[in-house]
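The values are calculated or read from the model by the stated rules, or taken from the named source; none is laboratory data. Here the structure is a predicted model, which is why all the values come from computation and not from measurement. We place every Cβ from the backbone using ideal geometry, glycine too, and count neighbours over all the protein chains shown.
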Amino acid sequence: MLFAEAACGQVLSNPFIRKLEHAGPLSEDERQALSALTQDARTLAARHDIVPDQDAERIYLLMSGVACRYKTLVDGTRRIVSFVLPGDLCRIPPTNRHGLEWRIGILTRCSVVEVSRAALHDLINRHPSLNRALWWLALAELNRSREWLVNDSRPGMQRLAHLLCEVLACLQAVGLADENSCELALSQVDLADALGISHVHINRILQALRKQDLIVWQRHRLVIPDVPRIHDFADFDPTYLDLDGLSTCPDPVPAGD
């Protein structure tokens, strides 16, 4: 009985499973299979790349912490193109060599699971309905990428506010945030590189958001005193995240061998 309760607790606290539940209900067998797939996580220190050798045959899942997808420009500048949060796929095997140009950097202490392409195919063959959930996950990430492009057109304060709203919503979706706060140990440099602005400018923006009582950020904890107010300020509509449990993801192409 105690073993069953412990196993149930592990499943309920698994961010990857909780994320996929937003695509639609999972069966108990599917949850247990996903739990087994993600049980061997390794802890990685911040400020390293997850895939330094550009392994093209493995998939990486983030279970805790914050990572990012980034590219280094010719002048040495880092541009973060998206954050990777618990429950996200850090990286899937690229379809061609150009997909290897993007790096996955660890921004805070992280727990990561490595899954081989063969193991994922075996999981889908045993549980075909999970293919749809994984397609939903890929499409949800595409939606986030599109919103990041749109967000680049907003003024600096709204841009950062929108980003923080997105992070809070994504962490809430996997049970790692309450209604208005979350642990967030990102540096100002990380935020600046994600927004494409100078490190001096990001400090001014943070101070302005604090002055307007839109955020409180101390000791790596972000608090948003009035969530509806900051949503209005940032023009943030969480619909694009598709986290309401009513996914409209189309049926995927059957998984290959």
Given the conditions (1) of a type outside the set (S, T, N, Q); (2) over 13 Å from the mean Cα position of the chain (by Cα); (3) crowded, with 17+ Cβ neighbours inside 10 Å; (4) at pLDDT below 95, which single one is not true for Glu30?
(4)
I'm trying to understand the selection: among the residues of segment 161-172, which are out of contact with any Pro (no Cβ under 9 Å at 6 or more places or on another chain) and farther than 11 Å from Leu214 by Cα?
His162, Leu163, Val167, Leu168, Gln172
Listed by first then second residue, the pairs whose first member lies in segment 138-163 and is touching a residue at least 12 places away in the same chain (Cβ under 8 Å) and under 14 Å from Thr239 (Cβ atoms), whose partner is surrounded by 12 or more Cβ atoms within 10 Å (Cβ to Cβ) and of a type in the set (Ser, Thr, Tyr), with beta carbons under 9 Å and at least 6 positions apart or on separate chains, are Leu139/Ser247; Ala140/Tyr240; Ala140/Ser247; Asn143/Tyr240; Arg144/Ser82; Arg144/Tyr240; Arg146/Tyr240; Glu147/Tyr240
Take the conditions modelled with pLDDT under 90, within 22 Å of Trp148 (Cα to Cα) and not in a strand (DSSP E or B) and apply them to Leu134. Does it pass?
no
Spot the failing condition for Ala177; the list is (1) of a type outside the set (S, T, N, Q); (2) farther than 26 Å from Thr72 by Cα; (3) loosely packed, with under 14 Cβ neighbours inside 10 Å, and only one is missed.
(3)
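Report whether or not Ile104 is at pLDDT 90 or above, closer than 18 Å to Ala194 by Cβ and of a type in the set (A, V, I, L, M). Spell out how you get there, then give the answer.
Working: at pLDDT 90 or above: yes; closer than 18 Å to Ala194 by Cβ: yes; of a type in the set (A, V, I, L, M): yes.
Yes: the conditions hold for Ile104.
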Are there any pairs with C-beta distances below 7 angstrom linking a residue in segment 62-89 that is without any contact (Cβ under 8 Å) to a residue 40 or more places away in the chain to a residue that is of a type in the set (Lys, Arg), with the two at least 6 apart or on different chains, and if so which?
Lys71/Arg79; Lys71/Arg103; Thr72/Arg78; Leu73/Arg79; Val84/Arg69
Residue satisfying condition, being within 14 Å of Ile230 (Cα to Cα) and under 18 Å from the mean Cα position of the chain (by Cα), within set Leu195, Leu160
Leu160
The number of residues in segment 200-257 that are small (Gly, Ala, Ser), more than 20 Å from Val150 (Cα to Cα) and at pLDDT 90 or above is 1
Subset of segment 107-131, residues touching an Asp or Glu at 6+ places or on another chain (Cβ under 8 Å) and in a loop (DSSP other than H, G, I, E, B), comes to Leu107, His127, Ser129
